[in-house]
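Read the structure below first, then the notes.
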Amino acid sequence: MLREGQIRIPSGCAISGIMNKKGRVFGGGDIINSIAVMHDRSNGLGGGFAAYGIYPEFKEEYAFHFFFDHTTIKNEIEALLKKNFIIASGEAIPIRKSKSIKDAPLIWRYFVRPKHRVLVKQEVDEEEFVVRFVMRVNSEIDGAYIFSSGKNMGAFKGVGYPEDIGEFYRLEEYSGYLWTAHGRFPTNTPGWWGGAHPFTLLDCSVVHNGEISSYDANRRQLEMYGYKCVLQTDTEVVAYIFDYLMRRQGLPLDVIVKAMASPFWHEIDRMNKKEKEILRAIRVVYGGFLVNGPFSILIGTNQGMIALNDRIKLRPSIAATKGDYLYVASEEAAIRQVCSKPEHMWMPRGGEPVIGLLEASQPTRVPVRTEQEKIAINS
Amino acid sequence: MKRVYVREEYCAGCGLCQVHCITAHSEYKGDIIKAYKKSFPRPLARVIVEEKRPLSFSLQCRHCEEAECVKACITGAMQKDPATGIVINDTARCIGCWTCVLVCPYGAVRRDETLHKVAVKCDMCAEAGGVPLCVENCPNGALEYREER
Amino acid sequence: MSLKSYVTPSFLIERNKERCIKCKVCVQQCANEVHRYDEEDDEIISEEHQCVNCQRCVTLCPTGALTIRKNPNELRQNSNWTAEAVRAIYIQAETGGILLTGMGNDRPYPVYWDNILLNASQVTNPSIDPLREPMELKTHLGRKPDSLSIKEGKLQKKLPPQLELELPIMFSAMSFGSISLNAIKSLAEAAKQEGTYFNTGEGGLHRDLYQYGENTIVQVASGRFGVHADYLQAGAAIEIKIGQGAKPGIGGHLPGEKVEREVSETRMIPEGTDAISPAPHHDIYSIEDLRQLIYSLKEATNYEKPVSVKIAAVHNVAAIASGIARAGADIIAIDGYRGGTGAAPLRIRDNVGIPIEFALAAVDTRLRQEAIRNQVSLVVGGSIRNSADIVKAIALGADAVYIASSALLALGCHMCQKCYTGKCNWGIATQDPQLAKRLNPELGAQRARNLLRAWKHEIQEMLGGMGINAIESLRGNRLMLRGIGLTEKELQILGIKNAGE
C-alpha cells in the first residue's frame, strides 16, 4: 500500500491551541488535557503537538527533529549535518515507552547553525539555506525525515491518539508559552509518523482540520517558487503558503489571511475605494494561494498564533480569552477543560482570523502592522 | 391601442406569418395541415408579404384611428370597434363592392372571390384574443404587437 | 467545352407530401436555390445537388414535412478510397483549386475532453450548493506581478491592466466580413450583458460597435485591416493574431464579393477588393520582432490595455508560449486544431496542429516550470463544446476560454461548414443583406446570453460539487481530473492520474 507522501489522504481532525501573550511559559499538561477531551475527533492514526519557547538554552540554534528508519541513515545524516552545520548538541528525544504507541522510528534532535562558509558559497541567507536543506532531506533522502526545524520551538508527533503521543514524548516536562495540538482522523491507515500534524517549516507550524479542495492549485503555485510538496498533505501546503507569503514576500499578517481566506467579491464591491483596490489586488495576484474547501487551522510562529477558518466556515473553531491567555479549539469543551471560566468566548466567522501576538516579542523580521498589535488577541 | 408593427430590417420574407394567418382564419385553428388541405375554400391570408429583395416585410391592416375604409363602406359592414379600436369587416353585410380596397392607403384589404365576393382584412386575431398569430410565429422577431411609441 | 460534374449529391431531401402544404417557405429560405415551385404541376421540387444540409428549410417548415439525410447512394465500399476521398478528387479535377471548407476540423480524431472525468466531494469534504452559497467565477486576465507591496494600508504600485470577466468565457475572434454585423452585434450585446468580451477578429470595428468598446478585444492581424488609433483606443484589450487553430501557418482571404460597402469602410480597403491577410506578419519574423509590436501597441495605448497574443496550437507550442510570455504579452490565447474558421483550405484544417488539451497542459506545465505562469494569462479555444470542457480546461491550467463555434451555434448555425460560400442561410457567415437580416441581433443576443448563463450555472454546480467556491481554486487543479481510456503517455502530458488512482 502506498504511504502518505506517495498518495494524498484526506482526514478529519481535532485541533487546540493555548498561548500566553506575555510569553510566560507553562507545561504541556494543559494542551494534552484539552486535546484529550476531543478523543472521538481522531482515530488513533495521528497526533502531535507544537511547542514554543521550549529550548531557551539553544534559542539561537535551529532545532532539527528527525525521524530515522534505521541507524545507517542516521549516521549518513549526521555526516551531512556536520558538513553543513555547526552542531551545538544532538541527542535522542526522550520518550516514555507506552503500550499504545507502537512502531516508533528513531527520534532524534540536533541543535544546529549553518556554517558561514557554506552560506557564502551558496549565496543564500541562513533561513533560506535551512529551508532548502529540509526540502532536500525530506524529498530526496529515504529513511530520514525532518519534522521540526525552527528556533526555540519543536514539533512532537506520531501515530497514535494525541494524548498518548503527548505522554510518549513526556511533554509535561517541557515549558512553553504557546502550544498547539492535533488529533487526526485519516480516512486511510498508512500509519506513517511523518504524516501526523503539526507540519512545520522553520518556526512556522500548522495544525489543520479540513480537506483543501484547492490542493493541487495551491501545490502547483507553490512549486513554481521552489517548494516541494513531498507529503501531499493539505497541511504541508498551508505551511508553505504561510512561509512564502510571510517570509519570502514579507506580507503583513492581515494581508496573508486575506489571501488565504479572501472576502467574497460581493463583499469587496461594498468596501471603500482604497480597501477595494487592495483586496482586488490581493485576490488577483495571490489567487493561487486562496485556500478553498473546509478548513480550520492553527498556525504557530515565534511571534504568536493565528487561527483561521475557510470563507464559509465549513469546519468548527471557537476562541476564548482569560487574562493573558488565548485559547482556540475545535470544540468549546476542549477550552473549558483547561479554562473553566473564560472571560470572553466567541465563534470566529468564516475567513475571520484570530490573531494572538506575543506582546513581548523581540524586534522581528516580519513586518507586522501597529494596528495588528493593538488588536492582538481580541481580533 | 396595440397594433402589429413591422421591423422590416429583420423580415426574412419566409411567409410563415401568412401560413399562420390562414390557419387562424380557417375552421381548423391550430392545425396547419388540415387548414390547408381540408378547409374549403381555404381562407386568404390577411397579411401580405411584400418583397423587393433585399427588402421585405409583412403588411397588415393598421386599424387606423380615422379609418378610410369604415368611412367609405356603403353597407356599414366595415366597423371600428369603439372599445378595442380594431377595424373589422362583417362579411355577412359585405357586398364585395371593393370601395374599401380602393380607399385603403396601405393596400391592406384583400379581395376574396372564392365564394361570394367579400373584402377580407386583418382582424388582429380578435376572436382568439392575445397576441396575433403572425406575430407569435414570426421566427425572427420582425413583427411586434405593442402600443404605439 | 465544359466539364461535367461527377459529384453526386451528398444529401437526400425527403418531402412528406401528406404534410407539405406548398406554402413555399422552403423555397423562399434556401439561398442555394435547392427548392423551387413548379406552377404548372403545383409541386415543390428539390434539386439536391446544391443542398448543404444547413437545416434552414427543415427548421422553418411549419408542418415538419422535410427530412434531409445522407444520400444513401453509395460508391462501391472501399476503406481506403472513401466516398469523401473520391469526391475530393472529382472536385479538384473539375476546379483545379484548393479545397475550401468552413468551421472546425471534423475528422474522427480523439476528443480528449471526453477522456477526462471530474471529481466531486463525498463525506470528507462537503460539496457547496451554489443556490445557497456564493460561487465565484470572476476572472482577471493580464500580467500578475510576483508580489504586492502594501504599506500603511496603501497599495504601493498599481496592478498592471487586467480584463475583468464575470465568467471565464469570452467570444473568440470573428471578423466583420467573415460573419455578419448582426452576428457580431448579437455577441457584443451578450458580452456586455454578461460581463465578458467579444473579439473583432481582423475585421476592424464597425462604427455601430464602438458603444461596446469596454467589452471588446480589438485584434491586430497580419493584414492590419481596420487598425487605426481610435480602434486601438476603443477596445479593452488588444490581441495580436499570429495564428488560428483551423489554419496554422497560413493567412486569410476574404473574397472581394464579401467586401461590400460597410465591410470596406470598416476594414479601410476599397469595395470589392480581396482582403488578403499574409501568412506571417511581415514585421514579425522572430520573437524579438513580436516583442517590438507588443510594446508598440502598449506604447500607443499608454500601457492601459493588456496585450494578448493568439497562436495556433502547433507541435512546439510550449516553447513558443514561453517566448511570447517573455516577449511581454499579458495574455496568451491558444487555439487548438479543432478551432473553427470562416474559410480554410480543407487539408490544412484537417491535418495541421495539435489538440488544445495537450497544448494547454504542455504550456501550463512549461510556464510553471519556468516560474513565469503568473506573468501571463492563458486563454484557450479550439472547440469548447460545453461547460464541462471549460471546467476541464481551467483545471488543466487555463484562466479562461474562448468560444466561437458554440457561440455561432447558439445564434442558429447548423455546422454545414459552408461559411466560405457567403450563402449562410442563417444570416451568420454572410454579407448578403437578404440573408444577414435573418439574424435579429436582439434575439441573437438573447440566445448567446442564455448560453453563457446556462454554462455559468453548470460551472457553478460542478465547482460546488468539488467543494470549491472560487474559480481560482480550480485553476491548474489537475487533481480534480482523472483520465479514462488514455495511454500512460497521454496521461503524462496532461499531467493527470487515471481514474481509480
Point to revise | Per-region count, the range C:358-389, residues open to solvent by 10 Å² or more (accessible area, probe 1.4 Å) and in a helix (DSSP H, G or I) | key: 10
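When the range C:35-45 is examined, which residues are found to be open to solvent by 30 Å² or more (accessible area, probe 1.4 Å) and either under 28 Å from C:Gln431 (Cα atoms) or hydroxyl-bearing (Ser, Thr, Tyr) (or both)? So that I can check it myself, show each step before the final result.
Keep residues of the range C:35-45 that are open to solvent by 30 Å² or more (accessible area, probe 1.4 Å), which gives C:36-43, C:45.
C:Arg36, C:Tyr37, C:Ile45 - these are the residues of the range C:35-45 that are open to solvent by 30 Å² or more (accessible area, probe 1.4 Å) and either under 28 Å from C:Gln431 (Cα atoms) or hydroxyl-bearing (Ser, Thr, Tyr) (or both).
Taking the conditions exactly as written (at pLDDT 95 or above, open to solvent by 10 Å² or more (accessible area, probe 1.4 Å) and of a type in the set (Asp, Glu)), does A:Glu343 satisfy them or not? Steps first, answer last, please.
Working: at pLDDT 95 or above: yes; open to solvent by 10 Å² or more (accessible area, probe 1.4 Å): yes; of a type in the set (Asp, Glu): yes.
Yes; evaluated as a whole, the condition is true for this residue.
Per-residue answers, yes or no, for (1) at negative phi; (2) modelled with pLDDT under 95; (3) out of contact with any His (no Cβ under 8 Å at 6 or more places or on another chain); (4) not small (Gly, Ala, Ser):
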residue: B:Pro43; (1), (2), (3), (4): yes, yes, no, yes
residue: B:Glu51; (1), (2), (3), (4): yes, yes, yes, yes
residue: B:Cys73; (1), (2), (3), (4): yes, no, yes, yes
residue: B:Val101; (1), (2), (3), (4): yes, no, yes, yes
residue: B:Thr114; (1), (2), (3), (4): yes, yes, yes, yes
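Tell me which residues, restricted to the range C:16-34, are open to solvent by less than 50 Å² (accessible area, probe 1.4 Å) and more than 34 Å from the chain's Cα centre (by Cα).
Taking the range C:16-34 and keeping what is open to solvent by less than 50 Å² (accessible area, probe 1.4 Å), we get C:20-21, C:23, C:25-32, C:34.
Answer for the range C:16-34, where residues must be open to solvent by less than 50 Å² (accessible area, probe 1.4 Å) and more than 34 Å from the chain's Cα centre (by Cα): C:Cys20, C:Ile21, C:Cys23.
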**Study point:** Test: C:Lys4 is over 30 Å from C:Glu94 (Cβ atoms), surrounded by fewer than 19 Cβ atoms within 10 Å (Cβ to Cβ) and charged (D, E, K, R)
**Key:** no
Check your understanding: Which ranges mark the strands (runs of 3 or more DSSP E) fully within the range B:97-149 that have 1 or more residues being open to solvent by 80 Å² or more (accessible area, probe 1.4 Å) and farther than 25 Å from C:Asn182 by Cβ?
Key -> B:110-112
**Study point:** Residues located in the range B:30-54, provided they are touching a Gly at 6+ places or on another chain (Cβ under 8 Å) and facing chain C (nearest Cβ under 10 Å)
**Key:** B:Val49, B:Glu51, B:Arg53
**Study point:** Test set (1) within 30 Å of A:Gln232 (Cα to Cα); (2) β-branched (Val, Ile, Thr); (3) more than 14 Å from every other protein chain (Cβ to nearest Cβ) - C:Thr421 fails condition number
**Key:** (1)
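Looking at the range C:452-467, can you tell me whether even one residue there is in a loop (DSSP other than H, G, I, E, B) and buried (at least 24 other Cβ atoms within 10 Å of the Cβ)? Show your work before the answer.
Our first condition is that a residue be in a loop (DSSP other than H, G, I, E, B); within the range C:452-467, this holds for C:467.
Remaining after also requiring buried (at least 24 other Cβ atoms within 10 Å of the Cβ): C:467.
Scanning the range C:452-467, I find at least one residue that is in a loop (DSSP other than H, G, I, E, B) and buried (at least 24 other Cβ atoms within 10 Å of the Cβ), so the answer is yes.
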Check your understanding: Applying the selection to the range A:199-215, what residues are open to solvent by 10 Å² or more (accessible area, probe 1.4 Å) and within 13 Å of another protein chain (Cβ to nearest Cβ)?
Key -> A:Glu211
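Is it fair to say A:Asp164 is under 16 Å from A:Gly29 (Cα atoms), among the charged types (D, E, K, R) and surrounded by fewer than 24 Cβ atoms within 10 Å (Cβ to Cβ)?
Taking the combined requirement at face value, the residue satisfies it.
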Review point. Pick from C:Ile403, C:Ile372: which is among the β-branched types (Val, Ile, Thr) and away from every other protein chain (no Cβ under 14 Å)?
Key: C:Ile403
Review point. Hey, any hits in the range C:61-81 for a residue that's part of a loop (DSSP other than H, G, I, E, B) and under 29 Å from the mean Cα position of the chain (by Cα)?
Key: no
Check your understanding: Restricted to the range A:222-236, and to residues that are more than 26 Å from A:Gly304 (Cβ to Cβ) and not hydrophobic (A, V, I, L, M, F, W, C), which residue is farthest from the other protein chains (Cβ to nearest Cβ)?
Key -> A:Lys228
Review point. What residue, among those in the range A:245-257 that are without any contact (Cβ under 8 Å) to a residue 60 or more places away in the chain and open to solvent by 10 Å² or more (accessible area, probe 1.4 Å), is farthest from the other protein chains (Cβ to nearest Cβ)?
Key: A:Arg248
**Study point:** Members of the range C:471-501 that are outside any helix (DSSP H, G or I), away from every other protein chain (no Cβ under 14 Å) and in contact (Cβ under 8 Å) with a residue 24 or more places away in the chain
**Key:** C:Gly483, C:Ile484, C:Gly485, C:Leu486, C:Ala499
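Select from the range A:265-280 the residues that are open to solvent by 10 Å² or more (accessible area, probe 1.4 Å) and of a type outside the set (Lys, Arg) and list them in ascending order.
First, the residues of the range A:265-280 that are open to solvent by 10 Å² or more (accessible area, probe 1.4 Å): A:265-267, A:269-280.
Within the range A:265-280, A:Trp265, A:His266, A:Glu267, A:Asp269, A:Met271, A:Asn272, A:Glu275, A:Glu277, A:Ile278, A:Leu279 qualify.
Show me the helices (runs of 4 or more DSSP H) found entirely inside the range C:179-292 where at least 1 residues are of a type in the set (Asp, Glu) and open to solvent by 60 Å² or more (accessible area, probe 1.4 Å). Lay out the reasoning, then the answer.
Numbers: elements: C:181-194, C:229-234, C:261-267.
Once the helices (runs of 4 or more DSSP H) in the range C:179-292 are filtered for at least 1 residues that are of a type in the set (Asp, Glu) and open to solvent by 60 Å² or more (accessible area, probe 1.4 Å), what remains is C:229-234, C:261-267.
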Exercise for review: Find the residue count for the range B:1-31, including only residues that are of a type outside the set (D, E, K, R), more than 17 Å from the chain's Cα centre (by Cα) and assigned to a helix (DSSP H, G or I).
Suggested key: 1
**Study point:** Within the range C:140-163, considering residues that are more than 9 Å from chain A (Cβ to nearest Cβ) and at pLDDT 95 or above, the one farthest from the chain's Cα centre (by Cα)
**Key:** C:Pro160
Exercise for review: Output the number of the condition that C:Arg132 fails; it satisfies all remaining conditions of (1) surrounded by fewer than 16 Cβ atoms within 10 Å (Cβ to Cβ); (2) farther than 20 Å from C:Ile471 by Cβ.
Suggested key: (2)
Practice item. Kindly provide the set of residues from the range B:13-29 that are touching a Ser or Thr at 6+ places or on another chain (Cβ under 7 Å) and either at the interface with chain C (Cβ under 8 Å from one of its Cβ atoms) or open to solvent by 40 Å² or more (accessible area, probe 1.4 Å) (or both), ordered by number. Key: B:Gly13, B:Glu27, B:Tyr28, B:Lys29
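Would you tally the residues in the range C:82-123 being part of a loop (DSSP other than H, G, I, E, B), open to solvent by less than 90 Å² (accessible area, probe 1.4 Å) and among the β-branched types (Val, Ile, Thr)? Show your work before the answer.
Initially, the range C:82-123 is screened for residues part of a loop (DSSP other than H, G, I, E, B), giving C:82, C:96-99, C:102-111, C:119-123.
Subsequent filtering for residues that are open to solvent by less than 90 Å² (accessible area, probe 1.4 Å) retains C:82, C:96-97, C:99, C:102-107, C:109-111, C:119-121.
Still in the list and also among the β-branched types (Val, Ile, Thr): C:82, C:111.
Within the range C:82-123, residues that are part of a loop (DSSP other than H, G, I, E, B), open to solvent by less than 90 Å² (accessible area, probe 1.4 Å) and among the β-branched types (Val, Ile, Thr) number 2.
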Practice item. Say whether the condition of being in contact with an Asp or Glu (Cβ under 9 Å, 6 or more places away or on another chain), at the interface with chain C (Cβ under 8 Å from one of its Cβ atoms) and part of a loop (DSSP other than H, G, I, E, B) is met by at least one residue in the range A:263-273. Key: yes
**Study point:** the range A:43-61, residues that are of a type outside the set (Asp, Glu), open to solvent by 10 Å² or more (accessible area, probe 1.4 Å) and either outside any loop (DSSP other than H, G, I, E, B) or more than 27 Å from A:Val131 (Cβ to Cβ) (or both)
**Key:** A:Asn43, A:Gly44, A:Leu45, A:Pro56, A:Phe58
Study note, to complete from the structure: By residue number, the members of the range C:293-303 that are in contact (Cβ under 8 Å) with a residue 12 or more places away in the chain, in a loop (DSSP other than H, G, I, E, B) and more than 28 Å from C:Leu181 (Cα to Cα) are C:Tyr303
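The values are calculated or read from the model by the stated rules, or taken from the named source; none is laboratory data. It should be emphasised that the depicted structure is a prediction, and the values quoted were computed from it without experimental measurement. Heads up, the Cβs are rebuilt from the backbone with ideal geometry, glycines too, and the neighbour counts pull from every protein chain shown. Only protein heavy atoms, including side chains, enter the accessible area calculation; ligands, DNA and RNA are left aside. Shrake-Rupley method; radii C 1.70, N 1.55, O 1.52, S 1.80 Å.
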